[in-house]
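First up is the structure itself, then whatever we jot down about it.
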Amino acid sequence: MEKAAGAPAVGGSYPQKNAEILSSQYGINLFLAGLLLTFAWAVHAVGISKSHLLSYLITLMLIQLLWMLWYRCRSCTQRRLIRDKDTHAGARWLKCGITLFAVITLILDSFKIGYYIDFSNCLSPTEGIFPVTHAVHTILQVYFLWCHAKDIIQSFKTLERFGVIHSVFTNLLLWTNGVLTESKHQLNEHKERLITLGFGNITIVLDDHAPQCNCTTTTLCSIFSQGIYYLYPFNIEYHILASTMLYVLWKNIGRKVEHHQQHKTPFKFHGITVGMIFGLIVLTSTIAIVVVYLIQIGRSKIKSELALTMFYLHAIFVLALMCTAGIVALLIYRLEDRSLDNSKNPARKLDAELLVGTAAGSWLLSWGSILAIICAQAHPKYTWYNLPYSVLVIIEKYIQNLFIIESIHREQEKVNDDIKTLRIVTVSRGSTLSLTPSYKEIYNGRAARGSGEVPCLCKGSICGRENGGGAKEETSQENSSVMHSASDFSFYSRNSVTNNKRRVLKNIAAFLFLCNLSLWIPPAFGCRPEYDNGLEEIVFGFEPWIIVVNLAMPFSIFYRMHSAASLFEVNCKT
């Protein structure tokens, strides 16, 4: 009978499991079709133009817009219903971050519209329709994520799975398109720089997708064309953040959650001054290094070599500091005895998987550089700095991943209930029970002893006894005073050590947060020694190495931004 009763519940999960499998396969096929279109446009395949790719992306965005509008309307009609929420998903700081990237993406779309107007004589109409559609899509999607990122969908689950996964892969395709467009622009610049470094044996063929007509307003065209590529890094981060938030929403469909109180963990600057100061120094110096690098690289062989040397030395120093900070944090964790939270949490699981998965991109580049240095026959002086740099990149991400993943899985530290709610129950002379002042007053020596109350600290019990004589009462008070002092000292010592550990961990998290933002800036804005070094192109060949870099670099860039977001959460949680 028990088996028969349980059968429907088990069988009832099959349709939803099938819906999950079918929707994921639909999304993958959607993505692969778009990926092939993107690749075909990139290699100038016969019969495939940019307008075909943009038409496909416009169609996907319009379908997502219709689904989001339908979901929003249905949510408004069911406003009175109490819905489950995933308190770990869609944190406020994450929503603020994606909003910032979305605003810059809207500026990018306005630049594209201006660019299309100036070259309207020779550009396809889809190049004008795309930025308009993308702007509308961006506004509505950010609004949707602010309102529904925490939702746990329990109705129309099959339909919603397809709608959400469609949105996930639409954003991934828009991310891929942005990465490819920005990479092609960067690649043309790096090909020209290799000539100044003396690598004349590398075939230089520029991949030009510029319009085949004159601009109506030369100054504006220059501003739009240059500005677009400086804004692409923010557009890329926007779409990858949107896809991860939507993926968590997809994983939460039909999920059963335990209703428990979620402790709010606001970000506070108090106690992280040291970490912030050192982090801001790293951030400021990194911006200065990037500016000098972009000015000097490609101007002459000597200036290019100095720019590369400067970059490597600065990166080695920063990475060494980050490794040290990460090791200290892990040692503190080893000294603590706190359990891990292993409850089911899609957002936390995705964070951990993204950290390890995206770190593989920079690990691939680092191992490629290490092999190139070992196998190369000639070694310019500046290339030797690439060896410790590549080794430190591997070690630093390994340590940082351990620190972040353990931090997000550790249970939040709670104040001991015995200490927090401590009240001393005593029996007074008049044989009536009364509560003495709170523990803070006792610690400060303000407890009322003149009333004849005899406090007694017996763990887990009430020990109030009627004292027959004054001598016994006096002895009891003295013993109680000794017990108070011992208890006070023990509690204060424990609390002091714990606070010091928390303060160190918060400073480390703040420092690593700013360091990851600092290390996101160079590759995002064109400071990429993996291109400019030249040694890897000689060992592996220009085209193979460029393919590796173009595949791995987007993951490396995303890793830094995702690590910064995770470390911000760690800082709030610690």
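The values are calculated or read from the model by the stated rules, or taken from the named source; none is laboratory data. Just so it is clear, the model here is predicted, and its values are computed rather than measured. Glycine also receives a Cβ, built like all others from the backbone with ideal geometry; neighbour counts cover every protein chain displayed. Side chains are part of the model used for accessible areas, which takes the heavy atoms of the whole protein and leaves out ligands, DNA and RNA. Shrake-Rupley method; radii C 1.70, N 1.55, O 1.52, S 1.80 Å.
List of remarks:
- Summarising the label geometry, the points placed 7 Å from Cα in the beta-carbon direction at Ile107 and Val291 lie 1.7 nm from one another.
- Within the assembled protein chains, the solvent-accessible surface assigned to Ser222 is about 60 Å², based on a 1.4 Å probe.
- Residue-normalised convex hull volume from the C-alpha trace of segment 514-554: 67 Å³ per residue.
- Packing-based order for 303-309, 509-515, 120-126, using average beta carbon neighbours within 10 Å, highest first: 509-515, 303-309, 120-126
- Entries in Lys85/Lys349; Lys397/Lys573; Lys150/Lys501; Lys349/Lys397; Lys17/Lys349 that, when Cα-Cα distance is taken, lie over 28 Å: Lys150/Lys501
- Amide hydrogen neighbours beyond the local backbone of Lys85, cut-off 5 Å, H modeled: none
- Evaluated on segment 91-174, the Kirkwood hydrodynamic radius is 14.7 Å, with distances taken between all distinct Cα atoms.
- For segment 311-323, the Karplus equation 6.51 cos²θ - 1.76 cosθ + 1.60, evaluated at θ = phi - 60°, returns couplings of 4, 5, 5, 5, 5, 4, 5, 5, 5, 5, 4, 5, 4 Hz by residue, with Gly and Pro reported as x.
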